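Read the structure below first, then the notes.
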Amino acid sequence: MFTGLVEELAILKKIDKSPQGARFILAANKILGDMQLGDSIAVNGVCLTVVERMPGTFAVEAVPETMRRTNLGLLQTGDEVHVERALPIGGRLGGHLVSGHIDGTGTVREVMHEGMARVLTIAAPAHLMKYIVHKGSVCIDGVSLTVMEDRGDAFTLSIIPHTGQMTTLASARPGRVVNIECDVLAKYLEKLLQYQTVDSSSVNRSSQLSLQWLAEHGFA
């Protein structure tokens, strides 16, 4: 699990793509201190596994499903990406619970300024927008943010100066494709409600059959 609080910007040094997936070599500083093989690292919000550790760099791999669902396939050598180590037990949860499992992508539609903030409007497909809630949490390229406004087919986010300095969101322009991870609690709730509806229908049908049997046998 992650918090959506970016620790640093890593530099993409090399990309090797193949039909089997892709291998990324990233240069970083802070997160290398206690990094071990097999560690989970969020790269632009995508939970990836460290498969190699070299001086000043580390390597991660992404399977075809990850490449299809995220913006990792659009990255180029030299790009900056958000990186975050997994949340340690006993650590502070400064953002919100983030799994690193991307639900899909959205596109920056508009960029505006309001006071000290940079306001981004991000367009997203309907299957993601149903989880977007006014003042709810959402993770954009691995950054935990609060939804300012739900516009039906898009939502707005306010980027404070500190977040802008720590991430690439300060330089986001219309047309940029971003990774979106919706709040996992909303997805669990939706699943539970679906089963509750099915169970209720089954119970109602069973009750109807029981009453029918009683009536047919003179008990009702």
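The values are calculated or read from the model by the stated rules, or taken from the named source; none is laboratory data. As the structure is a computational prediction, the values presented were derived from the model and not from experiment. For neighbour counting, all protein chains shown are included, and Cβ atoms are generated from backbone atoms with ideal geometry for every residue, glycine included. Side chains are part of the model used for accessible areas, which takes the heavy atoms of the whole protein and leaves out ligands, DNA and RNA. Shrake-Rupley method; radii C 1.70, N 1.55, O 1.52, S 1.80 Å.
Brief remarks follow.
- Dividing the summed helix terms, -39500 (n - 2.57) for each DSSP H run of n ≥ 4, by the number of residues in the chain produces a 222 nm estimate of -7000 deg cm²/dmol to the nearest 500.
- Within the shell defined by Cβ-Cβ distances under 10 Å, the residues around residue 131 carry a net charge of -2, with Lys and Arg each +1 and Asp and Glu each -1.
- Rg(Cα)/(2.2 N^0.38 Å) for the stretch 1-96, N = residue count: 1.03
- Aspartates and glutamates with Cα under 18 Å of residue 130, excluding same-chain neighbours fewer than 8 positions away: 103, 149, 150, 153, 181, 183, 190
- Cβ-defined net charge surrounding residue 75, 15 Å radius [Lys, Arg +1; Asp, Glu -1]: +2
- Ratio of Rg to Rh for the chain: 1.15 [Cα atoms; Kirkwood radius as inverse mean 1/r over pairs].
- Summed over the residues of the chain and divided among them, the accessible surface reaches 55 Å² per residue at a probe radius of 1.4 Å.
- Globularity ratio of the stretch 42-107, using Cα Rg and 2.2 N^0.38 Å: 1.21
- Which of 174, 121, 157, positive extreme of dipole for the chain (C-beta unit charges): 174
- Using only side-chain charges placed at the Cβ, +1 for Lys and Arg and -1 for Asp and Glu, the dipole size of the stretch 1-96 relative to its Cα centre rounds to 120 debye.
- Near residue 33: Cβ cut-off under 14 Å, other residues only, Lys/Arg at +1 and Asp/Glu at -1. The net charge is -2.
- Relative contact order of the stretch 1-151: 28 percent, from C-alpha pairs under 8 Å at least 6 residues apart in sequence.
- Dipole magnitude of the chain about its Cα centre (Cβ charges: Lys, Arg +1; Asp, Glu -1), debye to nearest 20: 240 debye
- Given +1 at the Cβ of Lys and Arg, -1 at the Cβ of Asp and Glu and no other charges, the dipole of the stretch 111-166 around its Cα centre is 60 debye to the nearest 20.
- Signed unit charges on C-beta, dipole axis of the chain, positive-most listed residue 1, 146, 38: 38
- Mean-position separation - Cα centroids, the stretch 45-109 and the stretch 134-163, in angstrom: 18 Å
- Accessible surface of the chain, 1.4 Å probe, proportion on carbon and sulfur as whole %: 56 percent
- Degrees separating the helix 184-216 axis from the principal Cα axis of the chain, which is the longest one: 10 degrees
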